[in-house]
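Take a look at the structure below.
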Amino acid sequence: MKIVLATPLYPPDVAEPAPYIKELAKHLADGMHEVTVVAYSYLPEKIPGVHIVVVNKRKPLLLRLMQYTWLLWRAARTADVVYAQNGASVELPAGLITLFVQCPLVIHIGDTAAHERALVHPIFRCVERFAFKRARTIVTDTPAPRPEILPFGPAPTVAQTTYQKSWEKHMSDLIKTFHYGS
């Protein structure tokens, strides 16, 4: 399956959804899927088996949005699904490209700050509603956060097990959504 992950943040950024997208791309690539990440980033972290396409965050806003939309369209033309993180800078291009590409859009609400901003700001609210209407499914589930491993401390085995199980369930649910749309 060819999967495009569209995200406003990607490591080395540390704010959500950056670590989530990196971990998701690893899991999908391990599952023998062809994964492309389209992100706003600068010096992105590489993942074996994952194609990463970036738009420099330092460009002017309009130029950045146009370039992102173009790159997302190029990646989505041959994709089986586009999985987009919420946030106006991704929702607008993702909604637009699905008007022209026969590829389903799945939106993940992983950035609660962006979602709350859309509830208050009329322009962001319109962009979010447009993207939600174009989406086949909206996913709100996010796996447990990676446990912190401290030096000289006991290994957080219970937290690691919970983390791994939450990712297994999340991946199973996502693959079903990608294939069947629910």
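The values are calculated or read from the model by the stated rules, or taken from the named source; none is laboratory data. This is a predicted model, so every value here is computed, not measured. With ideal geometry, Cβ positions are generated from the backbone for all residues, glycine too; neighbour counts draw on all protein chains shown. These accessible areas exclude ligands, DNA and RNA; they are computed on the full protein's heavy atoms, side chains included. Shrake-Rupley method; radii C 1.70, N 1.55, O 1.52, S 1.80 Å.
Treat each spin label as a single point 7 Å out from the Cα along the C-beta direction, and report the R58 to S172 distance in nm.
Distance between the two pseudo-spin positions: 4.6 nm.
How much accessible surface area, in Å² rounded to 10, belongs to the heavy atoms of L71 with a 1.4 Å probe?
30 Å²
Ordered by residue, what ³J(HN,Hα) values in Hz, to whole numbers, does the range 149-155 give under the Karplus form 6.51 cos²θ - 1.76 cosθ + 1.60, where θ = phi - 60° and Gly and Pro are x?
Computed from phi, the couplings for the range 149-155 are 10, 9, x, 6, x, x, 5 Hz.
Given the options G49, G153, G95, state which has the largest fluctuation in a GNM of the chain using a 10 Å cut-off (strictly under) for Cα springs.
Among G49, G153, G95, the largest mean-square fluctuation in the Gaussian network model of the chain belongs to G153.
Would you rank R134, R117 by solvent-accessible area, highest first, keeping every protein chain in place and using a 1.4 Å probe?
Most to least solvent-accessible, the answer reads R117, R134.
Label-point separation (nm) for R125 and Q102, each offset 7 Å from Cα along Cα-to-Cβ?
Computed distance between label sites R125 and Q102 equals 3.7 nm.
Could you put K57, K22, K46, K165 in order of accessible surface area, largest first, with the 1.4 Å probe and the full protein assembly present?
Sorted by accessible area, descending: K46, K165, K57, K22.
Among L105, L71, Y20, which residue has its Cα positioned farthest towards the positive end of the charge dipole of the chain, with +1 placed on the Cβ of Lys and Arg, -1 on the Cβ of Asp and Glu, and the dipole taken about the Cα centre?
L71
Students sometimes get this wrong: rank W70, W167 by accessible area, probe 1.4 Å, all chains present, largest first.
W70, W167
How much accessible area does T69 have with a 1.4 Å probe, in Å² rounded to the nearest 10?
Rounded to the nearest 10, the figure is 40 Å².
Measure off 7 Å from each Cα along the Cα-to-Cβ vector at D30 and I138, then give the distance between these two points in nanometres to one decimal.
Between D30 and I138, the simple spin-label model gives 3.1 nm.
May I ask for the net charge around T7, where only other residues with Cβ less than 15 Å from the Cβ of T7 are counted and Lys, Arg are +1 while Asp, Glu are -1?
That works out to -2.
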